[in-house]
Every structure is written in C-alpha cells, then in structure tokens.
1. In straight Cα distance, which lysines are under 23 Å from A:Lys19, not counting same-chain residues fewer than 8 positions off?
2. Among the listed pairs A:Lys22/B:Lys77; B:Lys52/B:Lys102; B:Lys56/B:Lys97; A:Lys41/B:Lys52; A:Lys22/B:Lys68; A:Lys40/B:Lys56, give every one whose C-alpha distance is greater than 31 Å.
3. Just rank A:Val48, A:Val12, fewest to most, by other beta-carbon atoms within 10 angstrom.
4. Using a 10 Å cut-off on Cβ to Cβ distances, tally the other chain neighbours for every residue of A:45-53 and report the average as a whole number.
5. Within region B:1-42, find all residues whose amide N lies under 18 Å from a label point positioned 7 Å from the Cα of B:Ser58 along Cα-to-beta-carbon.
6. For region A:17-118, which trypsin sites (Lys or Arg not before Pro) are both in a DSSP coil and crowded by at most 10 other Cβ atoms within 10 Å?
7. Treat the count of other C-beta atoms within 10 Å as a stand-in for reagent exposure and order B:Cys23, B:Cys90, A:Cys68 from fewest to most.
8. Using 7 Å Cα-to-Cβ label points, what is the B:His107/B:Thr5 separation (nm, one decimal)?
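Taken together, the values in this text are just the output of simple stated rules run on the coordinates, not laboratory data. What you see is a predicted model, and the numbers here were worked out from it, not measured in a lab. Note that we place each Cβ from the backbone using ideal geometry, even for glycine, and neighbour counts take in every protein chain shown.
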Amino acid sequence: ETGVTQTPRHLVMGMTNKKSLKCEQHLGHNAMYWYKQSAKKPLELMFVYNFKEQTENNSVPSRFSPECPNSSHLFLHLHTLQPEDSALYLCASSPMGTSGMTSTDTQYFGPGTRLTVL
Amino acid sequence: GNSVTQMEGPVTLSEEAFLTINCTYTATGYPSLFWYVQYPGEGLQLLLKATKADDKGSNKGFEATYRKETTSFHLEKGSVQVSDSAVYFCALNRDDKIIFGKGTRLHILP
C-alpha cells in the first residue's frame with residue numbers, strides 16, 4: 001500500500017465511449033502525475049500537476065483530458081479513444097512540485113488502471 | 001539528453017542464484033539514481049536510491065552503488081527468491097524529471 005489509490009482497476013470501453021480514471025493520494029503531496037505503460041515500451045509521462053496547476057503536457061492527444069481539482073485528486077477523462085490507447089495508466093505523486101523538486105525526490109505510484117479499448 | 005539504459009530481459013534464474021541487472025545512464029551533472037520494482041498487477045514501488053557518487057542504496061537484500069566513473073547503477077542481490085519475480089526499472093532524477101529505463105523482467109524458478 002503506497003498511499004495512492006486508483007479506480008477503476010480495470011476498464012473496457014468502446015471507441016465512442018466517455019469514461020474517467022480517478023487517482024487519490026493520502027500522502028499530503030503537492031505534485032501528481034499520469035503515466036502510460038504499454039507493453040515493451042518505456043514508461044511515458046503524460047501530465048504533471050503541481051499545486052493543482054498543470055505544469056507539463058508531453059504532447060498527449062486531446063482525447064485525454066486531465067483534471068486536478070485539488071492536490072489530493074487527479075482525473076483522466078477519456079473520449080473517442082483508439083485501440084492503441086490500450087495500456088496500463090499509472091498515477092503517481094511526489095512531495096514537492098516540479099518547480100521546487102529536489103534531485104532526491106521520489107514518486108509514489110498507484111496500482112494502475114488496466115484500460116482496454118475495443 | 002538524459003537517458004537510462006538497462007539490460008534487456010527477461011532474466012530467468014533459479015532460487016538462491018546471484019542476480020545482477022545492469023543499468024547505465026547519461027546525464028548532465030549529478031542526478032539521483034533509483035531502482036523501482038513492479039510486482040504483477042501492481043504499480044511501481046521504490047526499491048532503493050542513491051543521491052551522490054559512491055553512495056550505496058540497499059533494501060530487501062538488494063544493493064546498487066552509484067558509480068560516476070562508469071555512469072552505472074547496477075542492481076545486485078546475493079540470493080534471489082521466487083517472490084523477487086517482478087519487473088525492475090532503473091531511473092534517474094535530473095532537471096525536475098524522473099526518466100525510467102525500459103524495465104527488466106525477472107523470473108525466479110523454484
């Protein structure tokens with residue numbers, strides 16, 4: 001148990017559906033992250049939120065829309081996805097935000113949401 | 001730019017064998033270095049870290065030493081167990097970003 005929870009753990013959706021992934025951290029951290037983990041590819045950082053403000057978007061398609069209403073919650077809204085978007089989506093948090101991140105900071109990961117797009 | 005290269009897997013060993021998973025990095029300055037582990041069906045967990053040259057990180061019998069001269073951070077364990085079967089990721093933290101290697105899958109046979 002890392003203090004970061006994600007729901008749902010598994011999701012199957014059609015290409016025309018709209019769904020949302022939820023992440024919650026109970027660690028008092030100020031930064032939250034979305035990663036995509038596909039088979040045989042490195043972890044891909046998608047978005048970074050620092051004190052509720054988005055500080056990084058790594059050229060993610062607009063069919064992925066993040067939302068961070070407060071420092072403890074992070075959502076990833078999904079619409080009109082493609083089969084190649086099927087992957088494990090991991091949420092993480094860290095104690096300090098990107099702007100004040102020290103070189104020793106580590107990230108704490110949730111268990112992920114396994115997404116399958118049909 | 002900054003990058004991490006780790007050995008391709010999968011690595012298959014018998015229980016109680018010695019483990020080495022190689023990791024080398026490219027970075028400007030002095031990054032912090034990490035090993036994360038991902039057990040089946042779970043997210044990544046920090047296994048160990050080192051923040052400066054010659055530091056040794058250790059946890060659960062695993063060790064890695066920050067070698068600046070060879071830009072390496074190899075993961076070792078003297079006697080692996082079946083429960084160590086997982087994917088291991090080497091990573092560095094530099095310029096406010098954590099960069100992960102591709103991961104090495106480890107299978108331990110009883």
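1. A:Lys36, A:Lys52
2. Too far apart for the 31 Å limit: A:Lys22/B:Lys77; A:Lys22/B:Lys68.
3. A:Val12, A:Val48
4. Average per residue, whole number: 1.
5. B:18-21, B:34-35
6. Answer by residue number: A:Lys40.
7. Least crowded to most crowded, the residues run A:Cys68, B:Cys23, B:Cys90.
8. Rounded to a tenth, the inter-label distance reads 2.6 nm.
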